[in-house]
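Shown next, in structure tokens, is the structure this report addresses.
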Amino acid sequence: MGTLRLSPAAVEISPGESTTVEVWLQNASNYYGLDLALTYDPAIVEVPSGHVNPLWEVFAADSHFVVIDRAAAGQVRYALANLNPAKPFSGTGRVCSITFRARAPGRTVLSLATVKGSTRNGQALWPAKADGAIVVHAPASTRPSQTTQVRVTADAWVEAGAPNTNHGSDRLLRLRTQSQSMAVLQAPLPATARGQHIERARLWLYVTGQSSDQAGTLKAFALQRPWREGSVTWVSPWAAPQGKDPSDARQEPAGSATVSAINRWVAIDVTSAVQAWADGSANHGLLLKYNTPSGGECWLASREYAGRGPYLEVTSSAPVR
């Protein structure tokens with residue numbers, strides 16, 4: 001039946017600040033409609049727009065019917081269905097996003113109180129639910145923060161065209177669109193960040209070249225499985241190619257960045273992944289994917305590239321109690 005989840009699952013902001021939470025439908029099958037009710041504490045946060053922001057990855061942008069789209073008084077209601085000739089949805093994608101603004105210090109659960117899907121024939125679907133939370137704290141300036149940079153200690157790229165070949169010692173990480181080649185890398189969590197609130201974490205990458213004149217998008221996904229730089233390939237140690245199995249990698253990206261120029265640094269915000277590591281989740285590193293509308297490749301400096309190797313920059317502070 002799939003799972004409806006929020007990303008990021010946990011957010012910390014200050015009064016007056018805003019944050020956007022995406023609603024993901026994961027590992028779904030045969031969805032043609034969805035009705036959800038999300039509740040929150042209106043004394044802690046509000047939804048200024050009064051509605052959600054549709055993201056047309058699950059439902060058809062040009063062939064749908066919205067039953068309700070309202071956010072007020074501590075509840076978000078959003079219900080819609082596809083219309084012919086749209087096809088049912090199977091897989092993982094974003095349903096919508098919701099922008100919250102902090103009103104007062106405190107913690108509110110973002111509870112998926114009611115979630116019901118339907119097939120094209122009207123059969124009910126009941127996905128699993130994964131709630132989220134928003135913590136509103138005093139301005140960050142009242143909590144001393146520390147920024148630490150750590151170098152990537154392992155990286156490699158893997159390709160569908162040579163599924164058993166290891167590229168762990170290459171100077172370049174070669175990423176190809178349509179996930180025909182990808183990169184994996186790992187950096188240790190700074191000791192100062194363990195058990196701390198991660199204000200911001202960015203993965204810095206040096207772009208050495210692109211095969212297309214069009215801007216591309218780099219996406220980072222938290223890996224769920226351990227791997228070794230000297231033996232990782234397209235097929236090993238993964239359960240499925242392209243990071244499509246949830247046991248290999250999280251299916252929603254930890255962050256993304258636009259690549260529009262070469263011989264420059266680009267940063268991907270991976271705060272959600274690093275926060276999970278700081279909270280005790282296993283750090284198996286990140287999976288990188290690249291895409292452009294017209295196809296092509298992007299080349300990144302690996303840790304073997306002197307002076308241009310990737311690194312992780314983490315700003316942390318004491319957690320909210």
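All conditions but one from (1) at pLDDT 95 or above; (2) over 15 Å from the mean Cα position of the chain (by Cα); (3) closer than 13 Å to residue 182 by Cβ apply to residue 205; the one that does not is (3).
Table: residues versus (1) in contact with a strand residue (DSSP E or B) (Cβ under 6 Å, 6 or more places away or on another chain); (2) of a type in the set (Val, Ile, Thr); (3) surrounded by 14 or more Cβ atoms within 10 Å (Cβ to Cβ).
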position	(1), (2), (3)
150	yes, yes, yes
156	yes, no, yes
161	no, no, no
180	no, no, yes
200	yes, no, yes
204	yes, no, yes
218	yes, no, yes
229	yes, no, yes
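Given the condition touching an Asp or Glu at 6+ places or on another chain (Cβ under 6 Å) and of a type outside the set (A, V, I, L, M), answer yes or no: does some residue in region 84-95 qualify? There is at least one residue in region 84-95 that is touching an Asp or Glu at 6+ places or on another chain (Cβ under 6 Å) and of a type outside the set (A, V, I, L, M). The residue that is nearest to residue 194 (Cα to Cα), counting only those in region 291-321 that are part of a strand (DSSP E or B) and touching a helix residue (DSSP H, G or I) at 6+ places or on another chain (Cβ under 6 Å), is 316. Against the conditions (1) in contact with a Phe, Trp or Tyr (Cβ under 6 Å, 6 or more places away or on another chain); (2) over 16 Å from residue 99 (Cβ atoms), residue 43 satisfies every one except (1).
Residue by residue, here is whether (1) out of contact with any Ser or Thr (no Cβ under 9 Å at 6 or more places or on another chain); (2) β-branched (Val, Ile, Thr) holds:
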| position | (1), (2) |
| --- | --- |
| 126 | yes, no |
| 144 | no, no |
| 159 | no, no |
| 177 | no, yes |
| 185 | no, no |
| 189 | yes, no |
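Report yes if residue 77 is in contact with a Pro (Cβ under 8 Å, 6 or more places away or on another chain), within 20 Å of residue 55 (Cβ to Cβ), part of a strand (DSSP E or B) and in contact (Cβ under 8 Å) with a residue 40 or more places away in the chain, otherwise no. Considered against the rule, which asks whether it is in contact with a Pro (Cβ under 8 Å, 6 or more places away or on another chain), within 20 Å of residue 55 (Cβ to Cβ), part of a strand (DSSP E or B) and in contact (Cβ under 8 Å) with a residue 40 or more places away in the chain, residue 77 comes out as no.
The number of residues in region 248-290 that are assigned to a loop (DSSP other than H, G, I, E, B) and either among the small types (Gly, Ala, Ser) or surrounded by 15 or more Cβ atoms within 10 Å (Cβ to Cβ) (or both) comes to 15. Across region 1-60, the number of residues qualifying as assigned to a loop (DSSP other than H, G, I, E, B) and within 27 Å of residue 126 (Cβ to Cβ) comes to 16.
The values are calculated or read from the model by the stated rules, or taken from the named source; none is laboratory data. Just so you know, these numbers come straight off a predicted model, no measurement behind them. Cβ atoms come from the backbone with ideal geometry, glycine included; neighbour counts cover every protein chain shown.
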